[in-house]
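J.: Encoded as structure tokens, here's the structure I'll be asking about.
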Amino acid sequence: MLNHQTAQSVIDHGISLGADFAELFVERSQTNTISTLSNQVQSVESGIDFGIGLRLVYGTKVLYGYTNKPEGDELKRILSELAAKDLRDPGVSAFNFDYRQITDLHPAVRTLTNDSEVESKVAYLLAADVAARAASNMISQTRGSCRQKEQHVELFNSEGLHTGDTRNYIRTSLTSIASDGSEQATGSWNDGGLMGWELEHDISAEKTGTEATRQALVNLGAKPCPSGRMPVVIGNGFGGVIFHEACGHLLETTSVAKKASVFHDQMGQMIANTAVSAVDDGTMTKQWGSINIDDEGLDTQRTQLIKDGKLTSFLVDKIGAEQTGFERTGSGRRESYKYAPASRMRNTFIEPGDANLDEMISSIDKGIYASHMGGGSVQPGTGEFNFAVTEGYFVEDGKVKYPVKAATLISTGPAVLKEISMVGNDFSLACGMCGSVSGAVPTSVGQATLKVDDILVGGNA
Amino acid sequence: MTISDQANQVIDLVKAAGASGDLIIDQGESVSLKARDGELEEYKVSSSQIFGLRVIKDGKVGTAHSEAADSDALSSLVEQALTNASFTAIEVHENILANEASLKTDDSVLCPVENVSIDEKVNFALQMESDLAARDRVKNVPYNGVQDNTNQRHIFSSAGLSAYSKSRMCAAYAYALVEQGDKNAMEGIGQASRLFADLNANDIVDRAYTQTIDILDGSPVPSGHYDVIFDEEVQASLFGVFTLMFSGKSAKDGVNPMREKLGESIADTRLNITDKPLSVDGFGYQLFDAEGTATQSTPLIVDGTLNTLIHNSATASFFDMKTTGHAARGPKSTLGVGLHQLEIAAGSSSQADLFSGKYLMLTDLTGMHSGANAISGDFSFGASGFLYEDGQRLQPVRGITVAGNFYDMLNKIALIGDKQFWNWEKSALMPHIRFADMAVSG
């Protein structure tokens, strides 16, 4: 996407300004988004994003700029402007680019370059709408979407690296809105992966529609949720957002290096219950949060974050490695060329245990079974986090009693990790978008169903 | 090619295809600085532009965008939009407005010229970070920054519309991480201004430090029902979460719970909410909407009664009325609606009355993107703030949740203060409102 000679001259220019490190991140992304409303196509949107991100590093200081213009003179002008306050004696470039061909662990078949396949995707979304309505006559509306993206990235840096990757993302979702005349409630279902529209073979319009409707109906009949501190059983799949918020963000060197994480000085120490082992794995085939190489050109890897309760690794990008001394973990990620890379999660999950749901429920006198979770957020400096229950049930005397309305669970990372006492064996992963300093990146969260002995439930009863 | 040349190329191709259309061109330039341990940690400069085209052919609407702006890319943009239109259902209500207006914002007001060097901005960032870090018990200042952003928008249409706006926003913010023993807290504050010279680092440092130290010893209050007042930052965000209630598009789509309640009382009779896009004190100022319709002040709730929903020309046509000038569209999105700048009218309660008796003043809500359902109105957020009695602070409060239904809350207003406040981003102007009987878990 960028001429080899142009890249070389721009990198040379960066080094001539005295920078310790210079990098070009070239991106061209193609997107296609289809939206349906009930049984009609509401919109089809497509486009091309193109730009180049330029990074100079002086020590641990990062200078970053970006532009849509790929001309060498424009790129050098930006570098000169960035470095104006940091000029040092010129460095000498002593490298030649040697293109490193990566191994694509996630080859896609039905890509946007081949065909956007709008008719096929529309057929899927409309079939999901039919299934959603067939499941109940209380569904007043459905909203569907299918978004596909093909991202080409190319990296050049002053260490001689020249490599590139193509990432194909696809995600489908359907929301059902149930109404009983006076109240409305929603339920949704989504699928996705690091692949093309061959995802179609792995998903079911029938399941998508009926699950979205089932959840909407549960929420329509839900009672206000009790509040206060109590045990909570958190469902598998997207329930893993608890670890993502409670711990994952606190292990990114983006926070660790600034000492803005409560875990910054806890390496090798017990930070969780011995029932907890956790992993961030960028290598899982065709998983939503996987990558071949990170956005600094390093092969990604499987990183054991916690083993039997002990902190074993942070998530480390290039700058984080220089600031903390820990080895890079192939975790430097960014939403697009508009962001400098930062250490970020990929597919992050608590490893399965051997408990089962019945054991967990029967161990509770009064508590909540949160079978489906929504998003959340965390303040890394204090570890205070929150996340939302989108489908929950009141549990009393060891039995599930009735559905409860949306509630937020809050705690701190260090506290909740020690309260996870049982981990089940029904492991699964779910797709999400994670927002942080380097933008919104695809991440998976996951876990088996698990039990937290004590957490604050924010109900409205 | 100039912007006009590029726009003409696109619009001519649209017309030649027998379609109508409008083209949004957004351009931006920004400088962003962050400091750490007395040194500059990040220096980011950017310039960007993006073209977003909407076409209508045979009653079908298609959109496409491109960040590349060469002649081939612009031709491809038109082809993509036309192709996308071919897949959509006929939408009789969406048309390109017969609007030949030529509109332009006043640069001297929205984008004033200022002679300020990069060194001054760097020094501001360094001073703000180091002054805050030097305060007692401050461990560090993990989040801080100084920004200078200038954005331009052009809209051209096949009907002859030419609209242009340009605005500048300078902003600075800082968050302090404070530690004492095994306790810690992090809070912060920002400032926004059209002129860099109007930013005040000392004020940011003082306020960020005070907020963080004050909350450090916070603890939960017992679960129960409390009167709650949200500070100006939190209250603006809370109303922002539930703006779907005013959306004509959501009403057209059947998901706005207020769609059948026009002319009905939906809130306490003392509540008056107006969208005021032409108030230049705020950063929500808009001379025209995304269809080029001139904006105006729009009363939304008058004495507790829902006066109107907000509309673009398509949603207005669906309901057989005129657009209210609330079309919203980004280069990558389809036509929607959006509020510009919310204002809640001051009430009649003095500050002494407002702050009498026992109440919680909430200064932070967490999980606002995930803990709320704008369709049902239900919400549950993490919260922190202070417990007061008769204006005296009894204790800082942390580790609680506040839950309820926003649409019910509008009828549980105890008092509305007689002074209005901007939030720091200057997107909303509101008085303090005291809500009665809110469910709090501690």
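The values are calculated or read from the model by the stated rules, or taken from the named source; none is laboratory data. Computed from a prediction, not measured in an experiment: that's the story for all the values here. Cβ sites come from the backbone with ideal geometry, for glycine too, and all protein chains shown count toward neighbours.
J.: Check whether at least one residue in the range A:414-421 is more than 9 Å from chain B (Cβ to nearest Cβ), assigned to a loop (DSSP other than H, G, I, E, B) and in contact (Cβ under 8 Å) with a residue 60 or more places away in the chain, and report yes or no.
T.: Checked the range A:414-421: at least one residue is more than 9 Å from chain B (Cβ to nearest Cβ), assigned to a loop (DSSP other than H, G, I, E, B) and in contact (Cβ under 8 Å) with a residue 60 or more places away in the chain.
J.: Here's something else I'd like to know. Quick one: in the range A:213-236, of everything that is more than 14 Å from chain B (Cβ to nearest Cβ) and under 22 Å from A:Arg133 (Cα atoms), which residue is surrounded by the most Cβ atoms within 10 Å (Cβ to Cβ)?
T.: A:Thr213
J.: Could you check, for the range A:347-360, whether at least one of its residues is at pLDDT 95 or above, assigned to a helix (DSSP H, G or I), more than 18 Å from the chain's Cα centre (by Cα) and of a type outside the set (Asp, Glu)?
T.: The answer is yes, given that some residue of the range A:347-360 is at pLDDT 95 or above, assigned to a helix (DSSP H, G or I), more than 18 Å from the chain's Cα centre (by Cα) and of a type outside the set (Asp, Glu).
J.: Among strands (runs of 3 or more DSSP E) lying entirely in the range A:1-120, which contain 2 or more residues that are free of Cβ contacts under 8 Å to residues at least 60 places away in the same chain?
T.: Of the strands (runs of 3 or more DSSP E) lying wholly inside the range A:1-120, those with at least 2 residues that are free of Cβ contacts under 8 Å to residues at least 60 places away in the same chain span A:40-58, A:61-67.
J.: Name the single residue that is surrounded by the fewest Cβ atoms within 10 Å (Cβ to Cβ) among those in the range B:43-73 being of a type in the set (A, V, I, L, M, F, W, C) and modelled with pLDDT of 95 or more.
T.: Only one residue tops the list, namely B:Ile56.
J.: Pick out the one residue from A:Ala448, A:Ala388 that is modelled with pLDDT of 95 or more, of a type outside the set (Phe, Trp, Tyr) and within 21 Å of the chain's Cα centre (by Cα).
T.: Checking each option against the conditions leaves just A:Ala448.
J.: Follow-up. What number of residues in the range B:149-172 are within 14 Å of another protein chain (Cβ to nearest Cβ) and closer than 25 Å to B:Gly38 by Cβ?
T.: Total meeting the criteria: 0.
J.: Of all residues in the range B:416-434, how many are assigned to a strand (DSSP E or B) and more than 24 Å from B:Asn373 (Cβ to Cβ)?
T.: 11
J.: What's the number of the condition A:Ile410 fails, among (1) within 23 Å of A:Thr253 (Cβ to Cβ); (2) crowded, with 24+ Cβ neighbours inside 10 Å; (3) within 11 Å of another protein chain (Cβ to nearest Cβ)?
T.: (1)
J.: Of the conditions (1) outside any strand (DSSP E or B); (2) modelled with pLDDT of 95 or more, B:Ser384 fails just one. Which one is it?
T.: Evaluating B:Ser384 over (1) outside any strand (DSSP E or B); (2) modelled with pLDDT of 95 or more leaves (1) as the failure.
J.: Tell me, which residue of the range A:197-212 that is surrounded by fewer than 23 Cβ atoms within 10 Å (Cβ to Cβ) and of a type in the set (Val, Ile, Thr) is nearest to B:Gly224 (Cα to Cα)?
T.: Among residues in the range A:197-212 that are surrounded by fewer than 23 Cβ atoms within 10 Å (Cβ to Cβ) and of a type in the set (Val, Ile, Thr), the one nearest to B:Gly224 (Cα to Cα) is A:Thr210.
J.: Give me a count of the residues in the range B:178-209 that are surrounded by 16 or more Cβ atoms within 10 Å (Cβ to Cβ), within 12 Å of another protein chain (Cβ to nearest Cβ) and not polar (S, T, N, Q).
T.: Of the residues in the range B:178-209, 6 are surrounded by 16 or more Cβ atoms within 10 Å (Cβ to Cβ), within 12 Å of another protein chain (Cβ to nearest Cβ) and not polar (S, T, N, Q).
J.: Follow-up question, since we're still on this one. Looking only at the range B:350-377, count every residue that is facing chain A (nearest Cβ under 8 Å) and either touching an Asp or Glu at 6+ places or on another chain (Cβ under 6 Å) or surrounded by fewer than 20 Cβ atoms within 10 Å (Cβ to Cβ) (or both) and tell me the total.
T.: Number of matching residues: 1.
J.: Within the range A:264-283, how many residues are surrounded by 22 or more Cβ atoms within 10 Å (Cβ to Cβ) and either within 13 Å of another protein chain (Cβ to nearest Cβ) or assigned to a loop (DSSP other than H, G, I, E, B) (or both)?
T.: Result for the range A:264-283: 4.
J.: Another one. Restricting the search to the range B:323-374, which residues are over 30 Å from A:Thr33 (Cβ atoms) and not in a strand (DSSP E or B)?
T.: B:Ala345, B:Ala346, B:Gly347, B:Ser348, B:Ser350, B:Gln351, B:Ala352, B:Asp353, B:Leu354, B:Phe355, B:Ser356, B:Gly357
J.: Also: Is it true that B:Tyr175 is surrounded by 15 or more Cβ atoms within 10 Å (Cβ to Cβ), modelled with pLDDT under 95 and among the aromatic types (Phe, Trp, Tyr)?
T.: Answer is no for this residue.
J.: I've got another one for you. Consider only pairs whose beta carbons are under 8 Å apart and that are at least six residues apart or on different chains; among these, list those whose first residue lies in the range B:2-30 and is assigned to a loop (DSSP other than H, G, I, E, B) and whose second residue is of a type outside the set (Lys, Arg).
T.: B:Ala17/B:Val55; B:Ala17/B:Val78; B:Ala17/B:Leu82; B:Ala19/B:Val55; B:Ala19/B:Ile56; B:Ala19/B:Leu82; B:Ala19/B:Ala85; B:Ala19/B:Ser158
J.: Then there's this: In the range B:92-130, which residues are within 14 Å of chain A (Cβ to nearest Cβ) and farther than 27 Å from B:Arg168 by Cα?
T.: B:Val92, B:His93, B:Glu94
J.: In the range B:404-415, is there at least one residue being in a strand (DSSP E or B), closer than 26 Å to B:Thr212 by Cβ and either more than 20 Å from the chain's Cα centre (by Cα) or of a type outside the set (Ser, Thr, Tyr) (or both)?
T.: Looking through the range B:404-415, none of the residues is in a strand (DSSP E or B), closer than 26 Å to B:Thr212 by Cβ and either more than 20 Å from the chain's Cα centre (by Cα) or of a type outside the set (Ser, Thr, Tyr) (or both).
J.: Okay, next question. When residues of the range B:408-442 are filtered for being within 24 Å of A:Gly459 (Cβ to Cβ), of a type in the set (A, V, I, L, M) and touching a residue at least 60 places away in the same chain (Cβ under 8 Å), how many remain?
T.: 8
J.: Another question about this same structure. Residue by residue through the range A:152-189, note down the ones that are in a loop (DSSP other than H, G, I, E, B), free of Cβ contacts under 8 Å to residues at least 40 places away in the same chain and either on the phi > 0 side of the Ramachandran plot or in contact with a Gly (Cβ under 7 Å, 6 or more places away or on another chain) (or both).
T.: Once the filter is applied, which keeps residues that are in a loop (DSSP other than H, G, I, E, B), free of Cβ contacts under 8 Å to residues at least 40 places away in the same chain and either on the phi > 0 side of the Ramachandran plot or in contact with a Gly (Cβ under 7 Å, 6 or more places away or on another chain) (or both), the range A:152-189 yields only A:Gly181.
J.: Which residues, taken from the range B:378-408, are of a type in the set (Phe, Trp, Tyr) and either closer than 22 Å to B:Val241 by Cα or within 14 Å of chain A (Cβ to nearest Cβ) (or both)?
T.: Listed by number, the residues that qualify are B:Phe379, B:Phe381, B:Phe406, B:Tyr407.
J.: Would you confirm whether any residue within the range B:43-56 is within 10 Å of chain A (Cβ to nearest Cβ), out of contact with any strand residue (DSSP E or B) (no Cβ under 7 Å at 6 or more places or on another chain) and over 30 Å from A:Leu82 (Cβ atoms)?
T.: no
J.: If you don't mind, there's one more thing I want to ask. Which pairs turn up if I take residues in the range B:383-407 that are in contact (Cβ under 8 Å) with a residue 12 or more places away in the chain and in the same structural domain as B:Ala185 (by TED's automatic domain parsing) and look for partners that are among the aromatic types (Phe, Trp, Tyr) and assigned to a loop (DSSP other than H, G, I, E, B) with beta carbon separation below 8 Å, at least 6 apart in sequence or on another chain?
T.: Once the first residue is in contact (Cβ under 8 Å) with a residue 12 or more places away in the chain and in the same structural domain as B:Ala185 (by TED's automatic domain parsing) and sits in the range B:383-407, no partner that is among the aromatic types (Phe, Trp, Tyr) and assigned to a loop (DSSP other than H, G, I, E, B) comes close enough.
J.: I'm checking my understanding of the structure. Among residues of the range B:210-235 that are in contact with a strand residue (DSSP E or B) (Cβ under 6 Å, 6 or more places away or on another chain) and assigned to a loop (DSSP other than H, G, I, E, B), which one is nearest to the other protein chains (Cβ to nearest Cβ)?
T.: Selected residue: B:Ser223.
J.: Out of the range A:32-56, which residues are more than 8 Å from chain B (Cβ to nearest Cβ) and surrounded by 20 or more Cβ atoms within 10 Å (Cβ to Cβ)?
T.: A:Asn32, A:Thr33, A:Thr36, A:Ile52, A:Gly53, A:Leu54, A:Arg55, A:Leu56
J.: Additional query: Out of (1) within 25 Å of the chain's Cα centre (by Cα); (2) of a type outside the set (D, E, K, R); (3) surrounded by fewer than 21 Cβ atoms within 10 Å (Cβ to Cβ), the odd one out for B:Ile90 is which?
T.: (1) is the only condition that B:Ile90 fails.
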